[in-house]
Amino acid sequence: MEQNDIVYGVHAVTESLLANTGNKLYLQDDLRGKNVEKIKQLAAEKKVSISWTPKKTLSEMTEGAVHQGFVLRVSEFAYSELSVILEKAEQEDNPLILILDGLNDPHNFGSILRTADATNVCGVIIPKHRAVGVTPVVAKTSTGAVEHIPIARVTNLSQTLDQLKAAGFWVFGTDMDGTPSPQWNTSGKLALIIGNEGKGISANIKKQVDEMVTIPMNGHVQSLNASVAAALLMYEVFRNRG
C-alpha cells in the first residue's frame, strides 16, 4: 500500500470520511474510547468497512508515523481528462476554463472551486507538479464543488495552453499592470490563469498570455488573496454573460 493512499490520525481520518474519500478503515484492535465510537459510527454512515488491526501492523502501514490507532485507506481523487473539459466548453457560447498555475494553499483551491461552481466555469486545470492537488482539505473547503467541476491535472501547462489556443481560446492572466477588469472584453472562449499565491504566474507561462487583466485597487496592500482575485474575475465573466 503506498503512503499516499492512506491517511492516519483522528483528525485526518475524520476529515477524509466526511469528504467521502475513505475506502477501508483500520482500527487498532485494543483501542477504546469516544474517538473510536465516533469514527466507527461515521464509517458506518459512509458505508466504509472496518478492520480491527494490531498496533504493530498499523505502524508498519504508516511507516512508523503517529497514527493514534486510526488508519484509513483513501481513493485517489478521480481527475478528468482535458478532452472532457474541452468537450464541455464546446457546448457553451462563452465558456470559461480556469488554470491554476502552481497554487499551494488547499483552502484557496477549495474556495476557488466553490466560486467556479457558482459561476458555471467549464473546468479547472492544474499542474501535476509543485502545486496542490485535490486533498481532503480541498474537498471539504469546496463544500462539494469537487463533485461538480471537472478538474484536469496536466504534466505540462505550456503544452496545454497551446492546445487551448488551437481550440480557439483566448488566454488571460492576472497581473499588476494589465487591462482593468471592468474593461475586460469577456466574450468568446476564455482561459484564465491564476498564479501562485506569492510569485504569481510563472515567467514561461506569461509568454503565452494574450492579455493581462488587473483588478483595480486603491488601498495600501498591493495584491488580493488568490481565491478572492479569482472570484472577482469569474464573476466579471458571469455578469457579462448576463
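Quick notes
- Inclusion of residue 148 among residues that are in contact with a helix residue (DSSP H, G or I) (Cβ under 6 Å, 6 or more places away or on another chain) and open to solvent by 40 Å² or more (accessible area, probe 1.4 Å) is warranted.
- The residues on offer are 28, 41, 3, and the sole one that is of a type in the set (S, T, N, Q) and modelled with pLDDT under 90 is 3.
- Per-region count, region 157-205, residues under 19 Å from residue 222 (Cα atoms), touching a helix residue (DSSP H, G or I) at 6+ places or on another chain (Cβ under 7 Å), open to solvent by less than 20 Å² (accessible area, probe 1.4 Å) and of a type outside the set (A, V, I, L, M): 2
- Annotation note: of 209, 213, the sole residue that is farther than 19 Å from residue 109 by Cβ, more than 21 Å from the chain's Cα centre (by Cα), open to solvent by less than 20 Å² (accessible area, probe 1.4 Å) and among the β-branched types (Val, Ile, Thr) is 213.
- Just one of (1) without any contact (Cβ under 8 Å) to a residue 40 or more places away in the chain; (2) among the basic types (Lys, Arg); (3) part of a helix (DSSP H, G or I) fails for residue 140. It is (1).
- Qualifying residue in region 71-85 (condition: under 30 Å from residue 188 (Cβ atoms), within 10 Å of the chain's Cα centre (by Cα) and among the aliphatic types (A, V, I, L, M)): no
- Residue check for residue 188: closer than 16 Å to residue 131 by Cβ and either under 22 Å from the mean Cα position of the chain (by Cα) or in contact (Cβ under 8 Å) with a residue 60 or more places away in the chain (or both): no
- Looking across region 103-144 at every residue that is open to solvent by 10 Å² or more (accessible area, probe 1.4 Å) and in contact with a Pro (Cβ under 8 Å, 6 or more places away or on another chain), the one that is nearest to residue 195 (Cα to Cα) is identified as 132.
- Looking only at residues in region 216-242 that are open to solvent by 50 Å² or more (accessible area, probe 1.4 Å) and hydrophobic (A, V, I, L, M, F, W, C), the one that is nearest to the chain's Cα centre (by Cα) is 228.
The values are calculated or read from the model by the stated rules, or taken from the named source; none is laboratory data. Remember, it's a predicted structure, so these values are computed and weren't measured experimentally. Glycine gets a Cβ as well: all are built from the backbone with ideal geometry, and neighbour counts include every protein chain shown. Please note that ligands, DNA and RNA were not included when accessible areas were found on the heavy atoms of the full protein model with its side chains. Shrake-Rupley method; radii C 1.70, N 1.55, O 1.52, S 1.80 Å.
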